[in-house]
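Taking it in order: structure first as structure tokens, then the write-up.
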Amino acid sequence: SHLKVCSSANVIEHSLYADNLLISNKINLKNYYISRFSSYLRCMGKDMIIKLLESRLKASNATNDQLRLTIDNMSASMNAMVVTISELRETIANLESLLKERDKSLDKANNQVRGMSKLLEKKSEKQASTPVTPKTEEEIAQKEVERKSRGNNGAKRNMHFEMETVKHDVYPDGMEGRKPLSTRETVRYEMIPPRFIKHLYYIHTVKDGDKLVSAKAPLAPLQNSSFDGSFISGIAQLRYLYSMPVERIVAYFNENGFNIDKQTAHGLLKKTALLFENLYKAMQKAVKEDNYLCCDETYHRVLVKKELNDGKGSRKGYVWVIVAAHLGLAYFFYDDGSRSEEVILKELKGYSGAIQSDGLGAYKKVAAQSGGKILRLACLQHCKREFLDMKGNADADKILTLANQLYQNEHKHKIGEDGWTVKDNLRWRQEYASHILRQMKEMLLKIKSQPRKYPPKSQMFKAAKYMLNEWDGIEAITTGGDYSWDNNLIERINRYISLSRKNSLFFGSHAGAERGCIFYSLACSCRLHKINFFEYLTDILNRADVLQRSATLEAYRDILPDRWKKNKQGQ
């Protein structure tokens with residue numbers, strides 16, 4: 001009853017007193033706290049408990065408000081961090097793009113340096129002094145005798161027996177016709193610039209009994225044209241074989257006595273290309289009858305309408321070329337400048353035989369889709385090109401040494417000489433090539449297995465990877481006796497396009513590029529057979545009967561350069 005009327009202070013005082021008493025008496029602490037809290041609750045009453053809980057709730061709410069403020073601050077900080085992270089990501093992406101651009105610039109600079117190094121390494125451009133070896137008196141005396149006996153200080157002269165020769169008798173002044181005591185020969189070479197001759201034909205009509213008979217004028221290659229085949233051939237030879245722009249050809253003709261404008265010269269080439277359409281189709285068909293083709297593509301700038309080309313007046317167009325290795329015929333073709341694989345897939349659809357090319361995926365796809373009818377051969381020169389740029393590196397030098405051994409062994413025999421046949425060459429090639437190729441492949445795999453020494457982006461790693469990707473095509477070369485180790489035959493042919501690219505700069509249009517392919521096909525085929533392109537073109541143009549549109553493709557086939565040469569030799 002005393003506890004019910006006591007104040008809070010008395011409760012606390014009594015509690016402390018009880019504490020000391022209980023502790024001193026060593027009473028169980030658990031029971032003590034339970035009994036003390038029960039007494040305390042009974043003392044304070046219900047209202048006191050509510051007030052205490054309310055105060056605790058207020059304290060909790062204040063704490064919650066503080067926590068919310070802290071959370072809001074943390075959210076704001078997190079949002080700022082997100083913005084900062086996105087900005088950092090954008091900065092990193094920009095840095096990565098800048099690094100890629102820098103790598104491209106470095107690669108371009110390295111390629112330019114390698115190109116300059118190649119030029120400097122060419123022996124023909126080196127100015128190296130030749131050591132002089134002292135000669136004995138006997139050697140000097142013998143040299144003097146040889147010089148006197150050969151004349152012209154011992155120089156070896158080309159006598160040009162193929163030239164037209166005009167002989168002159170030269171006497172001392174006033175002594176012409178006397179018997180000479182001795183005679184010596186002296187040669188002078190004269191050059192006469194192109195001669196343009198105007199042939200004027202008077203076509204007469206005569207009376208034969210009661211009839212009037214009129215003579216026929218000589219046929220001209222082009223209707224309503226006064227130009228002979230030789231005139232057109234001269235323009236075509238300078239344009240497509242010697243890579244002179246039409247503007248320069250016109251200026252050259254004008255300087256040598258024949259005034260002609262640019263439009264007329266272009267018109268003659270355009271009409272002649274139309275005349276050669278069936279001849280060109282016969283070339284396309286004949287080339288694919290060869291069972292060994294060399295394939296490649298190269299580019300040339302082409303003028304186009306700006307509104308169709310993002311405001312640019314020219315674009316890069318690709319010219320494709322196929323060379324029949326056995327027939328010696330070159331076929332150029334153009335498909336609106338496209339380099340799409342569909343161009344070559346369409347052109348070689350249904351072909352059966354071997355094709356040799358660089359590592360462009362389109363050629364591999366041609367072979368893959370042929371159902372085993374096409375065997376693709378690689379080009380060893382393309383494979384070793386990157387290793388040539390790394391001369392001095394022990395591994396690169398080893399690869400180059402092995403590649404050169406293939407050529408050295410191949411050059412020990414030549415098909416057609418001393419009775420050496422294609423079968424003989426195949427047996428010899430399989431004998432010497434197998435162990436060389438095995439060593440080469442081991443070296444390439446070793447290079448790829450050393451990522452610390454040669455990282456995947458290094459030039460050495462890329463060169464080894466390219467060559468290994470071409471390995472099936474390299475080994476395929478050993479399956480034929482007349483397959484070449486490289487594609488250099490077509491690379492030499494492509495130089496005519498390269499020269500035109502540098503001198504003429506542009507084809508005037510897509511139609512001009514297609515027209516160029518017709519003339520390049522004939523000109524390069526003549527070069528492969530060592531035929532004078534001017535003579536060939538003049539002959540077939542002036543023989544109008546051989547270019548009849550009604551003639552079959554087989555008739556046109558007979559006047560392609562390979563058969564034209566045989567017919568000429570038969571005459």
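Of the residues contained in the range 303-323, one or more are found to be among the small types (Gly, Ala, Ser), outside any loop (DSSP other than H, G, I, E, B) and open to solvent by 10 Å² or more (accessible area, probe 1.4 Å).
Exactly one condition in (1) within 22 Å of the chain's Cα centre (by Cα); (2) surrounded by fewer than 20 Cβ atoms within 10 Å (Cβ to Cβ); (3) at pLDDT 95 or above is not met by residue 503; state its number. Every listed condition holds for residue 503 apart from (3). Taking the listed residues 196, 227, the one that is open to solvent by less than 50 Å² (accessible area, probe 1.4 Å), closer than 30 Å to residue 534 by Cα and either out of contact with any Lys or Arg (no Cβ under 9 Å at 6 or more places or on another chain) or at pLDDT below 90 (or both) is 227, with no other qualifying.
Being touching a residue at least 40 places away in the same chain (Cβ under 8 Å) and on the phi < 0 side of the Ramachandran plot narrows it down to one residue among 342, 386, 347, 417; which is it? Result of the check over 342, 386, 347, 417: 386. So if I check each of 391, 398, 384, 364, which one is of a type outside the set (Asp, Glu) and under 18 Å from residue 339 (Cβ atoms)? From the options 391, 398, 384, 364, the qualifying one is 364.
Taking helices (runs of 4 or more DSSP H) as the structural unit, those lying wholly within the range 399-499 and holding at least 3 residues that are aliphatic (A, V, I, L, M) correspond to 422-448, 459-469. Restricting the range 159-192 to residues that are aromatic (Phe, Trp, Tyr) and free of Cβ contacts under 8 Å to residues at least 12 places away in the same chain, the residue that is most open to solvent (accessible area, probe 1.4 Å) is 161. Every test in (1) farther than 22 Å from residue 391 by Cβ; (2) open to solvent by less than 20 Å² (accessible area, probe 1.4 Å) is passed by residue 444 save one, and that test is (1). The residues on offer are 251, 236, 217, and the sole one that is part of a helix (DSSP H, G or I) and out of contact with any helix residue (DSSP H, G or I) (no Cβ under 9 Å at 6 or more places or on another chain) is 251.
The values are calculated or read from the model by the stated rules, or taken from the named source; none is laboratory data. Here the structure is a predicted model, which means the values were calculated and not measured. A quick note on method: Cβ atoms are made from the backbone with ideal geometry, for glycine too, and the neighbour counts reach across all protein chains shown. Surface accessibility is based on the protein's heavy atoms, side chains included, excluding ligands, DNA and RNA. Shrake-Rupley method; radii C 1.70, N 1.55, O 1.52, S 1.80 Å.
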